Each structure stands twice: as structure tokens, then as C-alpha cells.
1. Using square roots of five times the C-alpha gyration tensor eigenvalues, list the equivalent-ellipsoid semi-axes of the stretch A:51-295 in whole Å, biggest first.
2. Post the alpha-carbon centroid distance, the stretch B:43-62 to the stretch A:262-279, in whole angstrom.
3. Scan chain A and hand back the longest stretch that contains none of the GluC sites (Glu not before Pro) lying in DSSP loops with at most 12 other Cβ atoms within 10 Å.
4. Considering only C-alpha atoms, what is the centroid distance from the stretch B:88-143 to the stretch A:114-128, in Å?
5. If each of A:THR10 and B:GLU175 carries a label point 7 Å out from its Cα toward its Cβ, how far apart are those two points in nm?
6. R0 = 51 Å: FRET efficiency of A:ASN188 with B:ASP72, Cβ-based, nearest 0.05?
7. Would you kindly calculate the mean projected area, averaged across all directions, of the convex hull enclosing the Cα atoms of the stretch A:15-75, in square nanometres?
8. Report the percentage of all Cα-Cα pairs in the stretch A:52-129 whose separation exceeds 22 Å, rounded to a whole percent.
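Throughout, read-outs are computed from the coordinates displayed, never taken from laboratory work. Everything numeric in this text was worked out from a predicted model, so none of it was measured. Here the Cβ positions follow ideal geometry from the backbone for every residue, glycine too, while neighbour counts run over all protein chains shown.
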Amino acid sequence: MTDLTLSSVTLPARAPLLSRTGWAAFFAALLAVCALAPMLNLWVPESSPFHLSGYMITLLGKIMCYAICALAIDLIWGYTGILSLGHGLFFALGGYMMGMYLMRQIGRDGSYQSDLPDFMVFLDWKALPWHWALSDSFVATLILIVALPGLVAFVFGWFAFRSRIQGVYFSIITQALTFAAMLLFFRNETGFGGNNGFTDFKRILGMPLATPEMRMTLFVLTGVALLGFLLLGRWLVRSKFGRVLQAIRDAERRTMFCGYDPLPYKLTIWVISAMMCGVAGALYVPQVGIINPSEMSTGASIEMAVWAAVGGRATLIGPVVGAFLVNGAKSWLTVAAPEFWLYFLGGLFIVVTLFMPRGVVGLVRRIFKKNVPSIAVDKAQAAIKTEVTEQPAEPAHLPQGARA
Amino acid sequence: MTPDLMDAGAERLQARTLRATPGRTESGDRSASYSRIAQTGEVDVTHGRILYLEDVSKSFDGFKAINSLNLDIAPGELRCIIGPNGAGKTTMMDIITGKTRADSGTVYFGSTIDLLRHNEPEIAQLGIGRKFQKPTVFEELTVFENLELALKTDKRVRPSMFFALDSAQQDRLAEVLHTIHLAPHVNRRAGDLSHGQKQWLEIGMLLMQDPKLLLLDEPVAGMTDEETARTAELFLSLKGQHSLMVVEHDMHFIRALAGDTGTVTVLAEGSVLAQGTLDAVQADERVIEVYLGR
């Protein structure tokens, strides 16, 4: 990290992966997930005010899965400027892969005491369909959890980005794709349990699922995955790769004239983002104990975007904060005043869009550091600048694009 | 006979001769790589032309933005292009840089690279840099990061992930920062720069790309007189090692660039109206008519 001086020019040194405080916070979080939470849950007696209930562990674990999704959305939306309203699909694909494995782990303990999962017996199927072939193997399941969402994202992204589909059109297509997948999964013939999905899981890797220890293990795994993805995200956006993504977001054409082909860049971050969602889905299913096509509903995917927007786009920690805030409020409000939850969500979205364009994290940063201007201020400045430099008007007959 | 008919006749005759003698080529029996080998990706300027446009046409919904345009630029030349609004100056740059596809015609970079067969990033990597009419920099990134992104290097995904400036590249970056007078602002957000500074930053990004040919679309729009003078100085210093094509409305700036001997091309209605020294084109009746209106 040497500063270079040439004729009084000082180049900035390369930023470290995390600052000193960043690392401190990272290890504090790691310690809280891996040591503090298990201690408070398993060893502190239930009568103590410090006891962390099993309900809280499951809730926090679930929210951490959501936080991974919000982080994935942030990479593709916040940093690359591509709003996906279809990440529910990748989440569900990861979840279904894990669900298939868990269904096979039930073995003969189902209601029908058959080798086949209950819903297949119910449908009078005699053998496992072809796409269940790998569901007995845990290793294959782990691979499929990242590979399948990755593959679907790659194929879809390749066609969409190559045709230069952008902005709201891309968002609508992702939404449509997810909706189509939901309809497909609703059908019993597809072999994913129809609208009931998978549930009644008994064990994982031969060990029973419904024990405090297993719940804790899954919680710790989720926490470690979230922190790992945060580090990965930080590494990605700090590299030149991450800056090219932001360049594509801010001025795609300029990026192309700089010699970068946006297609492989978009495709790479899109696939990484989808894989992250797949992992989140796989961690979610054993903790919540159910996976069904509702994970692919329109609302589920939009909510993910709301978490990222509330927390703060283009800040890695923002979406995580957003996921905790919104879902925390959700689990409290849906109990305290269930009829108000949707109004609250809608209102929150409006308030954030109008008054906090950079979300909660942007707001906090603005309070503590005065030098971070809000997007609204930027836009006003840009408007003033374009006014000053306005070119003389074009002749009226010139079609649009001729001189653009 | 009209010239059209004569041309058509000549073409028919040539086609017949080519058909009659198998193996014969249009270039008069010379093999394509006679005495030198075409290098892929290398710009071949042995014919004395770095950019060559012939009979290029482009229309938008029936409006002919470019109309049988012929234009060529020598290596190391600084060519000024002037013309009224709607003359097709920006469309011409769009075609050269691959942003717009020409309807017909040929565009060559050197004598071997057909630019119509490449897309924007490829053309940029071949060595054609472009500055937009409206300054376009990456507003959320710092001045340093803007320049670093533009640096000529491997621009594929994986090398970008593991990229770190080596010391030669750091020197280059520092040198460019110095040239564009933005050294004190190295850590500022590009979006916070003044309009003139953004213009300079974009020029600096072009320099980082180290292109063989620079296309500059109204580079001094919105600059102060002092900044304009400095820009002219910079472009004149680039002349020789780089080829430059400058489109500008500011006649003082054109005067400073072209001097008394430089070539100025006047575009009007999508084709070349006049070409010569600035004095010669300014004295041209047709040019005066186009600029002053009928």
C-alpha cells in the first residue's frame, strides 16, 4: 500500500477488503452467531431473561435467509442497476432441491409407509420420476442447490441481456418467468407436490430435524453463510469488476466505448446473485419445514426488492439491515395488528422512495457524515448543469436518434 | 451519357472480365497479402490511411442522416469537422464506433479492419476512442476510478476481478491526471466536478485508453476560454502520435487547431460539402450559403 507521488500527484492506495472497524464488526457478528446465540438458547435456562427462545432462533434464522436474498438483489439492482422481480424463483429452486432431499430422508416414516414420498403415493405413482434421480444424494443436492438456479439464470440472462432488454421490461419479464414457474409447480403432474409442496420433514443426514441442537446448527450455518456472502459481495464490489458493474449502471454506453462488453459482466453478477438466492432457499426450507409454490408468488419477489430499498441500495450492509427491519416489523405487526401489515408495507415503500432514496443506511450515513449527498440533491444539480450547457435546438424535421 | 450510366457500364465490363478469367482478382492479380501479412487486430496504415469511409449512407425513417459520405484520415492527422446542426456529424461518429449500423458503404480502420463487422467494445479495443457531445463520466465513481476503468488492459470479466494497477500503469495514471489538471481532485466523485472538469475527465479517460484514433464530439462545449485554449494545446500535442477527428462549432477553437494549413472538412446534409484549409472553406460560396441559410 504505497502512495505514488509523481509531480505532486498522490494516487489513492488500494482499499482493504474491510477496514479495521469493518473486521471488528465482522468478527463480532461471527461470534454472536456462532457462540453467543447457541449459549443463550441452549445453556441459559428458560426462566432467565437472557434466554433466547427456539421461536426467536427460527425467526432470526429465517430472516437471515431473507437477508441473503436482499444482498443478492442488491448486487444485481443496487450495483448493476438491473431490477429483478424474479429472485423468488431462484430462492424456490434452491428450496425445492433441498426439499426433495428432505422428502427422501423421510423414508418409510410417512403416512403411507411407502418408499415414495406421500404425495406420490396419493397420486398413485409407482416409481420416482426422472428428476428425482439425484434426490437421495446429499452431495448431489448441495451441488444442485447452486447449479440449478445458476443454470436457469444463465440461460434466461443470456437471452435477455443479449437482446439488450433493459429497465422495466427486464423486471416485467423476470416477474412473468417466476409466475410461469409458479403455475408449473402448482400442477401435480410436475412432480413437486403441487400446491401443498413439501412438508413433514423428519431428518437431515439421518439426524432428526426437530431438535434444539439441529435448529441451532442450521441457524449457525445460515449466519455463517450470510457473513460469507457479505465478504464475497464486498470483495466483488471492491474489485475493478464491481466498479465496471457500477459503470454499466450509470452509463452503459460509455462503458462499451471504454472497451468493456457489458454482457458477460451482467451475466456473471446475475448468475452469482441467483446462486446466492438458491443457497438462501436451501437453508430456509429445513428451518421453516415447508416449501410450496407460494415462494414464487409475485409478492414474495417484490418484497425482496423492498428489503433492499428500505435498507439502502448499493450499500452491502443496507439490504441486510432492511431485511431485518421489514421482517422484524412484519412478525410483530402480523401478530399485534394483522390488518395493518399491508398498509404499513405500502406506506413504508412510499416513505423510503420519497424521503430516503438511499434507505436507512444512507440516512444514517448522512446524519453522521455530512458529505454524502442524497440522490435527490444530485439530480437537482444535474438538472441545473444540463440547463447551463443546453445545446442549440435541433431542426424540427430531424428524427429522434439521428444525432443522439 | 450521364455519369450514372457510365459507372454502370464500367461495372458490367469489369464483372465480365472477372468472370472470363478465373483466378483473377479485382486488385489486378496481386495476392491479398502481397509482401506483408495482415495481422489480426493490428491497424495496417501502410496505405497512408487510418480511417477510410466510402459511400456510407444511413437513413432514419426516410431521413438521410448520412448520404454517400466519403472521408479518410491519415495517421497522425488532426482533422477538424464542421457543419450545421443535422449535418450528420454525430451519426458519422456513431457509425465509426459501432453504435449505429450503416445502411450501405464501407468503413475501414487501417486497410484491413472492417469496422462494420465489429461492435462497440471491440472497436474501442481496436483503438478508437470516443468523447461524447454531452460529457459522460461515471458519476458515482471517483476521478481515479474513472481513469482506472478506462485504462488499456484486459477487459474481460476474470482479469477485472483480480486487477491491480502495476507501477507503470500508476505512472501513466498520474501523468494523465497531471495532463488534465485534475490531480487535486483525484478522490472526488466525478459527479461533483464542474462541467469543464467533466469534459477534461472524459478526455483523460480517452488518453488512458491510448487509442490510435480519437473521435471528439464538441469537446469544448461549456468550457471557459482558458479551458478551451488548454484543450487546443493538448490536442495539438497529441497530433502526430495519435490521429484525431474533432467536431466543433467554436470557430476560434477550430482556428487554433487547424492553423493555416490543417485540413477542415465541412459536412452538410450527410455528405462532404467542402474540404481544405480553414480560410479556403470559409471563402467557399456553398459553405457560406449553408451556414447563413438561403
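1. Here the semi-axes work out to 35, 21, 13 Å.
2. Taking the Cα centre of the stretch A:262-279 as reference, the centre of the stretch B:43-62 is 39 Å away.
3. Of all site-free stretches, the longest is A:47-389.
4. 61 Å
5. 2.4 nm
6. After rounding to 0.05, the efficiency reads 0.15.
7. 5.4 nm²
8. 50 percent
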